[in-house]
1. Could you work out the relative contact order of region 1-62, using alpha carbon pairs under 8 angstrom and six or more residues apart, expressed as a whole percent?
2. How much FRET efficiency would the formula 1/(1 + (r/R0)^6) give for Val23 and Arg89, where r is the Cβ-Cβ distance and R0 is 30 Å, rounded to 0.05?
3. Using a Förster distance of 35 Å, how high is the FRET efficiency between Glu107 and Glu129, based on the Cβ-Cβ distance and rounded to 0.05?
4. Once each part is reduced to its C-alpha centroid, what is the distance from region 15-47 to region 93-149 in angstrom?
5. Does region 1-62 classify as rounded, prolate or oblate by the C-alpha gyration tensor (a ≥ b ≥ c root eigenvalues; a/c under 1.5 gives rounded; else a/b over b/c gives prolate, otherwise oblate)?
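Just so you know, all these numbers are worked out from the coordinates, no wet-lab data involved. None of these values were measured; they are calculated from a predicted model. In this analysis, Cβ positions are derived from the backbone assuming ideal geometry, glycine residues included, and neighbour counts consider all displayed protein chains.
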Amino acid sequence: MAERLVDVINGLGIALHTFPVQVENPNASEDDYKAKALKLAAHLQLVPEDDIATMTARLHVSRPGPATPIGDDRHILLGTKQGFEKVLRERAYYIWQQDGCPHGKAEEHWHRALEQHLRERAYFVWQQESCPEGRADEHWRRSVEWETY
């Protein structure tokens, strides 16, 4: 299976995340990779449900340095409480901006950021283990334990 990096972009043209996507079909087109990345982004709830239709995807454009996905800074922040809080704080701020900067909803935005982060971590662990079927609950549990210990 060939793997390609695919950027998922919100309605403002900002790359939200870059997914490493594998498609089983050896004759897969760029659109197949893009469709799978959009499906993953919707599953991870990177944007509010009403904004899912505004997301687009593009094949990742190379940049200097190691080929790591945008937004995947786990290698830098892994295992640090400060790093974990920084990631959640930045994501909660982004969610707050997307929601129109409402007052009095900081806790809701923090919990949404945590949920998104844990979903991404579970997906990341699942991918590292070669995408086993029927083990989503186990990956979710392991992600929650890892990030909240």
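1. Taking the mean separation of contacting Cα pairs over the length of region 1-62, I get 44 percent.
2. 0.30
3. 0.60
4. Result: 18 Å between the Cα centres.
5. prolate
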